[in-house]
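I have placed the structure first, in the form of structure tokens, so that the comments after it can refer back to it.
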Amino acid sequence: MKQKTVLVTGASRGIGKACALAFARLGYHVFINSHSSSDALESVQKMIYDLGGTCTRILADISSSSEVSRVFEVISSECDGLDVLVNNAGISYIGLLTDMTDDDWDSIIGTNLSSAFYCSRASIPHMVSVKSGKIINISSMWGTTGASCEVAYSASKSGLNGLTKALAKELAPSNIQVNAIACGVIDTEMNAVFSDEERQALEEEVPSGRFGLPEEVADLVIDLAENHSYMTGQIIGLDGGFI
Ligand code: NAD
């Protein structure tokens, strides 16, 4: 049987890394990307090889259209196209909107939203040609409710949710499912900004009493990638009951 392929953006650590390893365990060829942290990405590649898996490492800034074109040149040099796209790479900005510069704003929207447009646009032609495919967007509960001091981040994730719902309708006739996971607080380096006290206070706010694990997000990503061909356009909450 033909080996399935997946691109996971932002796979050098956190949720992306957990997803990359989970796909590798299932026998997928995994294209792993991040914009920096070459050593971290290389160590994820080594972990995949240790699992007996195959993978290709692609350093690229996916907020840039031309860099994404380069990513897909690599992909098309190695396979016909992707079976699964996981738009995971993301950055956060915590602070008042009035303190944000244009560059801060562009960077959040570029990394969290435009990247999903660039990567989806490049993935779709192959998926349409084989009438099969999955696009999974890693969103946030703040895209649903909005968070004070995370206005740009919330806007980018709301945009990602809108992209998910609309693209799902556009691609459903081609048997391509597009869904998003609206994560709550997940225990990754993205949350390393919190002090011990802040972390404890935040944990107490989560009805489940703890942060989620990157592996728990990866479990859901794999479920969406492998199953549920009648489910599309959904924003699925994974937040321990937070919202
Ligand atoms: P993380 O900071 O641990 O990892 C982010 C990854 O994205 C890294 O590999 C980084 O190199 C990569 N990245 C950042 N900018 C990039 C760019 N321009 N081009 C390519 N790669 C880039 O973050 P995480 O917690 O694993 O978050 C992953 C996704 O989950 C993000 O979209 C984030 O918004 C979302 N999310 C996280 C949480 C959380 O609590 N951790 C909650 C909700 C949603």
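The values are calculated or read from the model by the stated rules, or taken from the named source; none is laboratory data. These numbers were taken from a predicted model, which means no experiment stands behind them. Neighbour counts run over all protein chains shown; Cβ positions are idealised from the backbone, glycine included. Calculation scope for accessible area: heavy atoms of the full protein, side chains included, ligands and nucleic acids excluded. Shrake-Rupley method; radii C 1.70, N 1.55, O 1.52, S 1.80 Å.
Assorted remarks:
- Condition check for Ile108: over 21 Å from Glu170 (Cβ atoms) and touching an Asp or Glu at 6+ places or on another chain (Cβ under 9 Å): no
- Filter result (surrounded by fewer than 23 Cβ atoms within 10 Å (Cβ to Cβ) and hydrophobic (A, V, I, L, M, F, W, C)) within segment 128-141: Val128, Val130, Met141
- Meeting the requirement of 2 or more residues that are within 13 Å of the ligand (Cβ to nearest atom) and open to solvent by 30 Å² or more (accessible area, probe 1.4 Å), the strands (runs of 3 or more DSSP E) wholly within segment 1-67 are 54-59.
- Hits in segment 206-233 - residues which are within 23 Å of Ala11 (Cα to Cα), open to solvent by 40 Å² or more (accessible area, probe 1.4 Å) and touching a residue at least 12 places away in the same chain (Cβ under 8 Å): Leu213, Glu215, Glu216, Asp219, Glu226
- Residue, farthest from Gly16 (Cα to Cα), within segment 91-113, restricted to residues that are open to solvent by less than 30 Å² (accessible area, probe 1.4 Å) and among the small types (Gly, Ala, Ser): Gly95
- Taking the numbered list (1) near the ligand (Cβ under 10 Å from one of its atoms); (2) surrounded by fewer than 24 Cβ atoms within 10 Å (Cβ to Cβ); (3) not in a loop (DSSP other than H, G, I, E, B) in turn, Ser77 passes all entries but (1).
- Members of segment 185-205 found to be touching a Phe, Trp or Tyr at 6+ places or on another chain (Cβ under 6 Å) and either of a type in the set (Gly, Ala, Ser) or open to solvent by 50 Å² or more (accessible area, probe 1.4 Å) (or both), listed by number: Asp187
- Within segment 86-109, residues that are in contact (Cβ under 8 Å) with a residue 24 or more places away in the chain and in a loop (DSSP other than H, G, I, E, B) have Cβ atoms under 9 Å from residues that are away from the ligand (no atom under 14 Å from the Cβ) and among the aliphatic types (A, V, I, L, M) in these pairs: Tyr93/Met100; Tyr93/Val151; Leu96/Val151; Met100/Val151, counting only partners at least 6 apart in sequence or on another chain.
- Residue list for segment 75-95, restricted to those being more than 11 Å from the chain's Cα centre (by Cα), more than 21 Å from Ala192 (Cβ to Cβ) and not hydroxyl-bearing (Ser, Thr, Tyr): Ile75, Glu78, Cys79, Asp80, Gly81, Leu82, Asp83, Val84
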